[in-house]
Amino acid sequence: MRRLALAGAVLLASCTVGPNFERPKVDSPAGYGDEATDVPSRTYGGQVDARWWTRFRDPELSSLVDRLAKQNLDLQSAAERIQQSRAERDVAVSQGLPHIDAVGKYTRERESPNGVTSLVEPMPGAPLEFNLFQPMLTASWELDLFGRVRRAVEAADAQAQSAVEARRGLALSAIAELARDYMQLRQLQREQAFVERNLALSRKRIALVRDRFANGVATTLDIAQAEAQASTIAQDLPTLRAQQVQMINAIGLLLAEPPRSLASELIAPATQPTVPPAVPIGLPGELMRRRPDIRQAEADLHAATAQTGVAVAAFYPDISLTGSFGVESLKTSSLFDWASRAFMAGPSIDLPIFEGGRLKGTLKLRKSQQREAAIAYRKTVLTAWHDVDNALTNYAEAQHARADTLATTQADARALKAAEQQYGQGVTTFIDVITAQAALLQSQDALARGDAQVEIALIALYMALGGGWETATG
(Lines give C-alpha, C1' and ligand atoms only; values in the text may rest on other atoms or scores of the structure.)
Protein backbone atom coordinates (compact mmCIF):
# COMPACT_ATOMS: atom_id res chain seq x y z
CA MET A 1 0.00 0.00 0.00
CA ARG A 2 2.83 2.38 0.82
CA ARG A 3 4.43 1.73 -2.61
CA LEU A 4 1.09 2.32 -4.31
CA ALA A 5 0.59 5.57 -2.41
CA LEU A 6 4.12 6.69 -3.29
CA ALA A 7 3.58 5.88 -6.98
CA GLY A 8 0.31 7.81 -6.91
CA ALA A 9 2.05 10.78 -5.32
CA VAL A 10 4.79 10.75 -7.95
CA LEU A 11 2.22 10.50 -10.74
CA LEU A 12 0.26 13.39 -9.25
CA ALA A 13 3.41 15.47 -8.87
CA SER A 14 4.25 14.98 -12.53
CA CYS A 15 0.81 16.09 -13.75
CA THR A 16 0.92 19.15 -15.97
CA VAL A 17 -2.44 20.45 -17.12
CA GLY A 18 -3.07 22.51 -20.23
CA PRO A 19 -2.13 21.98 -23.88
CA ASN A 20 1.32 20.74 -24.89
CA PHE A 21 3.09 22.68 -27.62
CA GLU A 22 3.51 21.05 -31.01
CA ARG A 23 5.28 22.71 -33.91
CA PRO A 24 2.66 23.63 -36.52
CA LYS A 25 2.73 21.58 -39.69
CA VAL A 26 2.80 23.68 -42.84
CA ASP A 27 2.79 22.17 -46.30
CA SER A 28 5.61 23.91 -48.13
CA PRO A 29 5.80 24.13 -51.91
CA ALA A 30 8.27 21.89 -53.70
CA GLY A 31 10.13 24.82 -55.23
CA TYR A 32 10.09 28.54 -55.83
CA GLY A 33 8.93 28.39 -59.42
CA ASP A 34 10.73 28.78 -62.71
CA GLU A 35 14.24 30.14 -62.33
CA ALA A 36 15.62 32.50 -64.95
CA THR A 37 18.20 30.89 -67.23
CA ASP A 38 18.94 33.83 -69.54
CA VAL A 39 20.85 35.87 -66.93
CA PRO A 40 24.55 35.95 -66.03
CA SER A 41 23.91 35.06 -62.37
CA ARG A 42 21.58 32.08 -61.98
CA THR A 43 19.98 30.53 -58.91
CA TYR A 44 19.83 26.86 -57.99
CA GLY A 45 18.64 24.72 -55.10
CA GLY A 46 21.90 24.39 -53.17
CA GLN A 47 22.60 25.17 -49.53
CA VAL A 48 22.36 28.87 -48.72
CA ASP A 49 25.71 30.43 -47.87
CA ALA A 50 25.71 31.77 -44.30
CA ARG A 51 28.43 34.27 -45.25
CA TRP A 52 26.81 35.42 -48.47
CA TRP A 53 28.48 38.85 -48.47
CA THR A 54 31.84 37.17 -49.10
CA ARG A 55 30.52 36.02 -52.49
CA PHE A 56 30.85 39.62 -53.70
CA ARG A 57 34.62 39.13 -53.29
CA ASP A 58 35.14 42.52 -51.68
CA PRO A 59 37.53 42.40 -48.68
CA GLU A 60 36.38 45.82 -47.46
CA LEU A 61 32.74 44.74 -47.34
CA SER A 62 33.69 41.56 -45.46
CA SER A 63 35.71 43.59 -42.97
CA LEU A 64 32.80 45.95 -42.32
CA VAL A 65 30.38 43.08 -41.71
CA ASP A 66 32.79 41.39 -39.30
CA ARG A 67 33.02 44.62 -37.28
CA LEU A 68 29.27 45.07 -37.35
CA ALA A 69 28.68 42.03 -35.15
CA LYS A 70 30.78 43.53 -32.35
CA GLN A 71 30.02 47.24 -32.68
CA ASN A 72 26.38 47.68 -33.71
CA LEU A 73 24.42 49.34 -30.91
CA ASP A 74 21.08 47.83 -31.90
CA LEU A 75 22.57 44.35 -31.58
CA GLN A 76 23.98 45.27 -28.17
CA SER A 77 20.53 46.46 -27.06
CA ALA A 78 18.98 43.24 -28.35
CA ALA A 79 21.58 41.25 -26.39
CA GLU A 80 20.47 43.05 -23.24
CA ARG A 81 16.86 42.13 -23.97
CA ILE A 82 17.95 38.50 -24.15
CA GLN A 83 19.56 38.83 -20.73
CA GLN A 84 16.38 40.42 -19.39
CA SER A 85 14.23 37.58 -20.70
CA ARG A 86 16.58 35.02 -19.17
CA ALA A 87 16.40 36.84 -15.85
CA GLU A 88 12.61 36.68 -16.05
CA ARG A 89 12.95 32.96 -16.64
CA ASP A 90 15.01 32.66 -13.44
CA VAL A 91 12.23 34.47 -11.58
CA ALA A 92 9.68 31.99 -12.94
CA VAL A 93 11.85 29.04 -11.89
CA SER A 94 12.16 30.42 -8.36
CA GLN A 95 8.41 30.04 -7.84
CA GLY A 96 8.80 26.26 -7.79
CA LEU A 97 11.73 26.19 -5.35
CA PRO A 98 11.67 26.26 -1.53
CA HIS A 99 11.72 29.72 0.01
CA ILE A 100 13.45 30.25 3.34
CA ASP A 101 13.37 33.54 5.24
CA ALA A 102 14.86 34.68 8.51
CA VAL A 103 12.66 36.82 10.73
CA GLY A 104 13.84 38.62 13.84
CA LYS A 105 11.15 40.26 15.92
CA TYR A 106 11.25 42.25 19.16
CA THR A 107 8.21 43.92 20.71
CA ARG A 108 7.50 45.73 23.94
CA GLU A 109 3.96 44.76 24.99
CA ARG A 110 1.50 45.46 27.74
CA GLU A 111 -1.64 43.44 28.29
CA SER A 112 -4.73 45.15 29.60
CA PRO A 113 -6.12 43.56 32.81
CA ASN A 114 -9.59 44.43 31.52
CA GLY A 115 -9.02 42.80 28.12
CA VAL A 116 -8.71 39.18 27.14
CA THR A 117 -6.32 38.69 30.06
CA SER A 118 -9.31 38.99 32.37
CA LEU A 119 -10.71 35.80 30.85
CA VAL A 120 -7.82 33.69 32.07
CA GLU A 121 -5.90 33.50 35.32
CA PRO A 122 -2.32 34.74 34.87
CA MET A 123 0.50 32.90 36.59
CA PRO A 124 1.39 34.31 39.98
CA GLY A 125 3.75 37.22 39.52
CA ALA A 126 3.30 37.36 35.75
CA PRO A 127 3.83 40.98 34.59
CA LEU A 128 1.33 42.69 32.36
CA GLU A 129 4.15 44.62 30.65
CA PHE A 130 7.03 42.68 29.12
CA ASN A 131 9.59 42.31 26.29
CA LEU A 132 9.11 39.57 23.69
CA PHE A 133 12.00 38.25 21.58
CA GLN A 134 11.12 36.05 18.55
CA PRO A 135 13.98 35.12 16.13
CA MET A 136 12.67 32.55 13.63
CA LEU A 137 13.20 30.81 10.29
CA THR A 138 10.22 30.38 7.98
CA ALA A 139 10.05 28.09 4.93
CA SER A 140 7.52 27.40 2.21
CA TRP A 141 7.50 25.22 -0.89
CA GLU A 142 4.77 25.15 -3.51
CA LEU A 143 4.50 21.55 -4.70
CA ASP A 144 3.22 22.55 -8.15
CA LEU A 145 1.18 19.37 -8.46
CA PHE A 146 -0.71 20.59 -11.53
CA GLY A 147 2.16 22.29 -13.36
CA ARG A 148 1.32 25.97 -12.97
CA VAL A 149 4.94 26.85 -12.23
CA ARG A 150 6.29 24.44 -14.85
CA ARG A 151 4.05 26.00 -17.49
CA ALA A 152 5.22 29.45 -16.42
CA VAL A 153 8.85 28.35 -16.79
CA GLU A 154 8.03 26.85 -20.18
CA ALA A 155 6.51 30.16 -21.28
CA ALA A 156 9.55 32.06 -19.99
CA ASP A 157 11.88 29.73 -21.90
CA ALA A 158 9.91 30.35 -25.09
CA GLN A 159 9.95 34.11 -24.52
CA ALA A 160 13.70 34.00 -24.03
CA GLN A 161 14.04 32.11 -27.31
CA SER A 162 11.83 34.71 -28.97
CA ALA A 163 14.26 37.41 -27.80
CA VAL A 164 17.16 35.41 -29.25
CA GLU A 165 15.41 35.10 -32.60
CA ALA A 166 14.54 38.81 -32.57
CA ARG A 167 18.25 39.62 -32.23
CA ARG A 168 19.08 37.26 -35.06
CA GLY A 169 16.51 38.97 -37.27
CA LEU A 170 17.97 42.33 -36.31
CA ALA A 171 21.45 41.07 -37.20
CA LEU A 172 20.25 39.94 -40.62
CA SER A 173 18.62 43.32 -41.27
CA ALA A 174 21.72 45.20 -40.12
CA ILE A 175 24.02 43.15 -42.37
CA ALA A 176 21.73 43.69 -45.36
CA GLU A 177 21.49 47.42 -44.64
CA LEU A 178 25.26 47.73 -44.40
CA ALA A 179 25.73 45.83 -47.66
CA ARG A 180 23.14 48.02 -49.43
CA ASP A 181 24.81 51.20 -48.18
CA TYR A 182 28.19 49.90 -49.32
CA MET A 183 26.90 49.07 -52.82
CA GLN A 184 25.30 52.50 -53.12
CA LEU A 185 28.55 54.14 -52.02
CA ARG A 186 30.49 52.34 -54.73
CA GLN A 187 27.74 53.23 -57.22
CA LEU A 188 28.07 56.94 -56.36
CA GLN A 189 31.85 56.78 -56.67
CA ARG A 190 31.49 55.15 -60.07
CA GLU A 191 29.01 57.81 -61.18
CA GLN A 192 31.47 60.47 -60.02
CA ALA A 193 34.20 58.84 -62.09
CA PHE A 194 31.95 58.94 -65.17
CA VAL A 195 31.16 62.61 -64.56
CA GLU A 196 34.82 63.54 -64.04
CA ARG A 197 35.81 61.65 -67.19
CA ASN A 198 33.14 63.38 -69.25
CA LEU A 199 34.05 66.73 -67.71
CA ALA A 200 37.70 66.25 -68.69
CA LEU A 201 36.63 65.42 -72.26
CA SER A 202 34.36 68.46 -72.37
CA ARG A 203 37.18 70.75 -71.28
CA LYS A 204 39.47 69.30 -73.92
CA ARG A 205 36.69 69.84 -76.43
CA ILE A 206 36.50 73.51 -75.43
CA ALA A 207 40.17 73.89 -76.36
CA LEU A 208 39.59 72.14 -79.71
CA VAL A 209 36.60 74.36 -80.50
CA ARG A 210 38.64 77.47 -79.75
CA ASP A 211 41.38 76.26 -82.09
CA ARG A 212 38.76 75.70 -84.79
CA PHE A 213 37.40 79.19 -84.12
CA ALA A 214 40.88 80.65 -84.49
CA ASN A 215 41.11 78.91 -87.88
CA GLY A 216 37.74 80.29 -88.88
CA VAL A 217 36.01 76.92 -88.85
CA ALA A 218 33.97 77.15 -85.60
CA THR A 219 31.72 79.90 -84.34
CA THR A 220 31.27 81.72 -81.05
CA LEU A 221 28.07 79.70 -80.63
CA ASP A 222 30.15 76.52 -80.67
CA ILE A 223 32.43 77.92 -77.97
CA ALA A 224 29.49 78.97 -75.79
CA GLN A 225 27.82 75.58 -76.20
CA ALA A 226 31.03 73.75 -75.30
CA GLU A 227 31.54 75.86 -72.18
CA ALA A 228 27.88 75.44 -71.15
CA GLN A 229 28.15 71.69 -71.57
CA ALA A 230 31.20 71.53 -69.27
CA SER A 231 29.43 73.62 -66.63
CA THR A 232 26.33 71.43 -66.82
CA ILE A 233 28.37 68.27 -66.31
CA ALA A 234 30.27 69.81 -63.38
CA GLN A 235 26.99 70.60 -61.59
CA ASP A 236 26.53 66.92 -60.73
CA LEU A 237 29.76 66.62 -58.73
CA PRO A 238 28.73 68.45 -55.50
CA THR A 239 25.59 66.30 -55.18
CA LEU A 240 27.54 63.09 -55.74
CA ARG A 241 30.17 64.07 -53.17
CA ALA A 242 27.50 64.94 -50.59
CA GLN A 243 25.70 61.64 -51.17
CA GLN A 244 28.94 59.72 -50.67
CA VAL A 245 29.48 61.38 -47.29
CA GLN A 246 25.93 60.42 -46.33
CA MET A 247 26.55 56.80 -47.26
CA ILE A 248 29.85 56.72 -45.36
CA ASN A 249 28.11 58.16 -42.29
CA ALA A 250 25.27 55.64 -42.66
CA ILE A 251 27.82 52.81 -42.57
CA GLY A 252 29.58 54.49 -39.65
CA LEU A 253 26.34 54.70 -37.68
CA LEU A 254 25.76 50.97 -38.16
CA LEU A 255 29.25 50.40 -36.73
CA ALA A 256 28.69 52.92 -33.88
CA GLU A 257 31.41 55.19 -35.25
CA PRO A 258 31.41 59.03 -35.13
CA PRO A 259 30.58 60.95 -38.33
CA ARG A 260 33.25 60.78 -41.06
CA SER A 261 35.37 58.38 -38.98
CA LEU A 262 35.34 55.92 -41.91
CA ALA A 263 36.02 58.56 -44.54
CA SER A 264 39.71 57.79 -44.83
CA GLU A 265 38.85 54.12 -45.27
CA LEU A 266 35.96 54.43 -47.73
CA ILE A 267 36.29 57.73 -49.58
CA ALA A 268 38.83 56.38 -52.07
CA PRO A 269 36.98 54.98 -55.12
CA ALA A 270 37.01 51.21 -55.46
CA THR A 271 35.74 48.77 -58.03
CA GLN A 272 32.03 48.12 -57.74
CA PRO A 273 31.54 44.52 -56.52
CA THR A 274 30.13 41.96 -58.91
CA VAL A 275 27.54 39.28 -58.25
CA PRO A 276 28.53 35.59 -58.29
CA PRO A 277 27.69 33.50 -61.37
CA ALA A 278 25.64 31.03 -59.32
CA VAL A 279 23.49 31.65 -56.23
CA PRO A 280 22.25 28.73 -54.04
CA ILE A 281 18.77 29.39 -52.65
CA GLY A 282 17.84 26.14 -50.90
CA LEU A 283 14.28 24.79 -50.72
CA PRO A 284 11.06 26.41 -49.40
CA GLY A 285 10.77 23.93 -46.54
CA GLU A 286 14.15 25.05 -45.17
CA LEU A 287 12.96 28.61 -44.56
CA MET A 288 11.21 27.64 -41.31
CA ARG A 289 14.54 26.68 -39.75
CA ARG A 290 16.57 29.47 -41.32
CA ARG A 291 14.51 32.66 -41.15
CA PRO A 292 14.63 34.33 -37.71
CA ASP A 293 11.15 35.83 -38.04
CA ILE A 294 9.61 32.37 -38.51
CA ARG A 295 11.61 30.98 -35.60
CA GLN A 296 10.49 33.93 -33.47
CA ALA A 297 6.84 33.40 -34.46
CA GLU A 298 7.18 29.76 -33.44
CA ALA A 299 8.65 30.75 -30.06
CA ASP A 300 5.82 33.24 -29.54
CA LEU A 301 3.28 30.50 -30.28
CA HIS A 302 5.06 28.21 -27.82
CA ALA A 303 4.92 30.91 -25.15
CA ALA A 304 1.21 31.54 -25.78
CA THR A 305 0.49 27.81 -25.53
CA ALA A 306 2.34 27.56 -22.21
CA GLN A 307 0.49 30.61 -20.87
CA THR A 308 -2.76 28.83 -21.67
CA GLY A 309 -1.49 25.99 -19.48
CA VAL A 310 -0.83 28.48 -16.66
CA ALA A 311 -4.42 29.70 -16.95
CA VAL A 312 -5.77 26.13 -16.85
CA ALA A 313 -3.66 25.30 -13.78
CA ALA A 314 -5.13 28.30 -11.97
CA PHE A 315 -8.42 26.35 -11.67
CA TYR A 316 -6.68 23.68 -9.58
CA PRO A 317 -5.67 23.94 -5.92
CA ASP A 318 -2.25 25.21 -4.91
CA ILE A 319 -0.69 22.95 -2.29
CA SER A 320 2.28 24.23 -0.33
CA LEU A 321 4.38 22.94 2.51
CA THR A 322 5.01 25.62 5.09
CA GLY A 323 6.90 25.65 8.32
CA SER A 324 8.76 27.76 10.81
CA PHE A 325 11.27 27.18 13.58
CA GLY A 326 12.66 29.59 16.11
CA VAL A 327 12.81 30.59 19.71
CA GLU A 328 10.57 32.77 21.81
CA SER A 329 11.41 34.24 25.20
CA LEU A 330 10.65 37.18 27.46
CA LYS A 331 14.33 37.46 28.40
CA THR A 332 17.49 37.36 26.32
CA SER A 333 19.17 35.19 28.93
CA SER A 334 16.82 32.29 28.17
CA LEU A 335 16.32 33.07 24.47
CA PHE A 336 18.42 30.18 23.20
CA ASP A 337 17.40 27.60 25.78
CA TRP A 338 15.96 24.42 24.29
CA ALA A 339 12.73 25.05 26.17
CA SER A 340 12.30 28.35 24.32
CA ARG A 341 11.94 26.64 20.96
CA ALA A 342 8.81 27.15 18.87
CA PHE A 343 7.95 25.55 15.56
CA MET A 344 5.15 24.96 13.09
CA ALA A 345 4.91 22.68 10.06
CA GLY A 346 2.18 21.47 7.77
CA PRO A 347 0.59 21.70 4.35
CA SER A 348 -1.64 24.52 3.13
CA ILE A 349 -4.19 24.29 0.35
CA ASP A 350 -5.45 27.24 -1.65
CA LEU A 351 -8.54 26.20 -3.60
CA PRO A 352 -10.30 28.77 -5.81
CA ILE A 353 -14.05 28.61 -5.26
CA PHE A 354 -15.46 31.89 -6.49
CA GLU A 355 -13.31 34.42 -8.37
CA GLY A 356 -16.01 36.50 -10.00
CA GLY A 357 -15.20 35.16 -13.46
CA ARG A 358 -11.51 36.15 -13.29
CA LEU A 359 -10.17 32.65 -13.96
CA LYS A 360 -12.59 31.96 -16.81
CA GLY A 361 -11.87 35.34 -18.36
CA THR A 362 -8.11 34.78 -18.12
CA LEU A 363 -8.38 31.34 -19.72
CA LYS A 364 -10.55 32.72 -22.52
CA LEU A 365 -7.98 35.48 -23.10
CA ARG A 366 -5.04 33.06 -23.18
CA LYS A 367 -6.78 30.72 -25.62
CA SER A 368 -7.52 33.62 -27.94
CA GLN A 369 -3.90 34.78 -27.73
CA GLN A 370 -2.77 31.24 -28.54
CA ARG A 371 -5.00 31.12 -31.64
CA GLU A 372 -3.77 34.56 -32.70
CA ALA A 373 -0.14 33.41 -32.33
CA ALA A 374 -0.92 30.37 -34.51
CA ILE A 375 -2.39 32.64 -37.19
CA ALA A 376 0.64 34.92 -36.97
CA TYR A 377 2.93 31.93 -37.43
CA ARG A 378 1.11 30.80 -40.58
CA LYS A 379 1.18 34.33 -41.99
CA THR A 380 4.90 34.69 -41.24
CA VAL A 381 5.68 31.46 -43.10
CA LEU A 382 3.50 32.45 -46.04
CA THR A 383 5.06 35.92 -46.15
CA ALA A 384 8.52 34.36 -46.19
CA TRP A 385 7.70 32.28 -49.27
CA HIS A 386 6.30 35.37 -51.00
CA ASP A 387 9.42 37.35 -50.06
CA VAL A 388 11.69 34.79 -51.67
CA ASP A 389 9.56 34.48 -54.79
CA ASN A 390 9.42 38.26 -55.23
CA ALA A 391 13.16 38.59 -54.56
CA LEU A 392 13.92 35.93 -57.20
CA THR A 393 11.84 37.81 -59.75
CA ASN A 394 13.43 41.15 -58.87
CA TYR A 395 16.93 39.67 -59.13
CA ALA A 396 16.30 38.21 -62.56
CA GLU A 397 14.59 41.36 -63.87
CA ALA A 398 17.33 43.60 -62.46
CA GLN A 399 19.83 41.61 -64.52
CA HIS A 400 17.63 41.95 -67.61
CA ALA A 401 17.40 45.72 -67.08
CA ARG A 402 21.15 45.94 -66.58
CA ALA A 403 21.76 44.12 -69.87
CA ASP A 404 19.53 46.59 -71.70
CA THR A 405 21.30 49.52 -70.04
CA LEU A 406 24.69 48.13 -71.06
CA ALA A 407 23.53 47.89 -74.68
CA THR A 408 22.30 51.50 -74.52
CA THR A 409 25.62 52.68 -73.07
CA GLN A 410 27.59 50.96 -75.80
CA ALA A 411 25.34 52.46 -78.48
CA ASP A 412 25.64 55.94 -76.94
CA ALA A 413 29.44 55.62 -76.90
CA ARG A 414 29.41 54.79 -80.61
CA ALA A 415 27.03 57.69 -81.27
CA LEU A 416 29.31 60.17 -79.50
CA LYS A 417 32.33 58.97 -81.44
CA ALA A 418 30.42 59.35 -84.71
CA ALA A 419 29.19 62.82 -83.75
CA GLU A 420 32.71 63.97 -82.94
CA GLN A 421 34.03 62.65 -86.26
CA GLN A 422 31.23 64.28 -88.24
CA TYR A 423 31.68 67.60 -86.43
CA GLY A 424 35.39 67.50 -87.20
CA GLN A 425 34.53 66.96 -90.83
CA GLY A 426 32.06 69.83 -90.76
CA VAL A 427 29.15 67.53 -91.59
CA THR A 428 27.13 68.31 -88.41
CA THR A 429 26.85 71.01 -85.77
CA PHE A 430 28.33 71.03 -82.30
CA ILE A 431 24.91 70.61 -80.74
CA ASP A 432 24.93 67.02 -82.01
CA VAL A 433 28.14 66.37 -80.06
CA ILE A 434 26.60 67.87 -76.93
CA THR A 435 23.46 65.78 -77.33
CA ALA A 436 25.44 62.59 -77.85
CA GLN A 437 27.67 63.22 -74.86
CA ALA A 438 24.71 64.01 -72.59
CA ALA A 439 23.05 60.77 -73.66
CA LEU A 440 26.24 58.81 -72.96
CA LEU A 441 26.65 60.35 -69.50
CA GLN A 442 23.04 59.54 -68.69
CA SER A 443 23.38 55.93 -69.82
CA GLN A 444 26.68 55.56 -67.93
CA ASP A 445 24.99 56.75 -64.74
CA ALA A 446 22.13 54.35 -65.43
CA LEU A 447 24.64 51.53 -65.88
CA ALA A 448 26.25 52.27 -62.53
CA ARG A 449 22.82 52.34 -60.89
CA GLY A 450 21.85 49.18 -62.77
CA ASP A 451 24.87 47.29 -61.46
CA ALA A 452 24.07 48.48 -57.95
CA GLN A 453 20.42 47.47 -58.35
CA VAL A 454 21.48 43.95 -59.33
CA GLU A 455 23.65 43.76 -56.21
CA ILE A 456 20.93 45.21 -53.99
CA ALA A 457 18.40 42.77 -55.47
CA LEU A 458 20.76 39.91 -54.58
CA ILE A 459 21.12 41.28 -51.05
CA ALA A 460 17.32 41.34 -50.77
CA LEU A 461 17.22 37.74 -51.97
CA TYR A 462 19.76 36.65 -49.36
CA MET A 463 17.79 38.48 -46.69
CA ALA A 464 14.56 36.78 -47.79
CA LEU A 465 16.36 33.42 -47.61
CA GLY A 466 17.30 34.15 -44.01
CA GLY A 467 21.01 33.41 -44.15
CA GLY A 468 23.76 35.37 -42.45
CA TRP A 469 22.61 35.96 -38.88
CA GLU A 470 24.72 33.02 -37.67
CA THR A 471 27.91 35.05 -38.16
CA ALA A 472 26.63 38.06 -36.24
CA THR A 473 25.00 36.25 -33.29
CA GLY A 474 26.39 32.73 -33.12
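The values are calculated or read from the model by the stated rules, or taken from the named source; none is laboratory data. Quick caveat: nothing in here was measured; it's all calculated off a predicted structure. Please note: Cβ atoms are built from the backbone with ideal geometry, for glycine as well, and neighbour counts cover all protein chains shown. Surface areas here come from the heavy atoms of the whole protein model, side chains and all, with no ligands, DNA or RNA. Shrake-Rupley method; radii C 1.70, N 1.55, O 1.52, S 1.80 Å.
Worth pointing out:
- As a length-normalised measure over Cα pairs under 8 Å and 6 or more apart, the relative contact order of the chain settles at 27 percent.
- Cα principal axis extents for region 374-422, largest first, Å: 71, 11, 5
- Legend: P(r) of region 386-474 from all alpha carbon pair distances, 5 Å bins from 0, whole percents, reading 3, 15, 15, 13, 12, 10, 9, 7, 6, 4, 3, 2, 1, 0.
- Neighbours of Arg150, meaning other residues whose beta-carbon lies under 12 angstrom from its beta-carbon, give a summed charge of -2 when Lys and Arg score +1 and Asp and Glu score -1.
- Out of every Cα-Cα pair that region 43-134 contains, those further apart than 24 angstrom amount to 67 percent.
- Neighbourhood charge, 9 Å Cβ-Cβ cut-off, centred on Asp236 and excluding it, Lys, Arg +1 and Asp, Glu -1: -2
- In terms of overall dimensions, region 180-226 has a Cα radius of gyration and Dmax of 16.4, 53 angstrom.
- Total formal charge among the other residues, if their Cβ is under 14 angstrom from that of Asp350, Lys/Arg +1 and Asp/Glu -1: -3
- Listed by chain and number, the lysines placed with their C-alpha closer than 22 angstrom to that of Lys379 are Lys25, Lys367; residues fewer than eight positions away on the same chain are left out.
- Taking the Kirkwood radius as Rh and the Cα radius of gyration as Rg, region 280-368 has a ratio of Rg/Rh equal to 1.40.
- Of the trypsin sites (Lys or Arg not before Pro) in region 257-306, those whose Cβ has at most 15 other Cβ within 10 Å and which sit in DSSP loop: Arg260
- Ordering Trp385, Ala396, Leu359 by the projection of their Cα atoms onto the charge dipole of region 356-413, which places +1 on the Cβ of Lys and Arg and -1 on the Cβ of Asp and Glu, puts Leu359 at the extreme positive end.
- Within straight-line cross-link reach of Lys417, lysines at Cα separation under 30 Å, skipping those fewer than 8 residues along the same chain: Lys204
- Over the chain, the Kirkwood radius and the radius of gyration, each from Cα atoms, give a ratio Rg/Rh of 1.29.
- Computed with a 1.4 Å probe over protein heavy atoms only, the accessible area of Phe133 comes to about 50 Å².
- With all protein chains modelled, accessible area of Thr220 [1.4 Å, Å²]: 90 Å²
- Label positions at Ala126 and Leu283, each projected 7 Å from the Cα along the C-beta direction, are separated by 8.5 nm.
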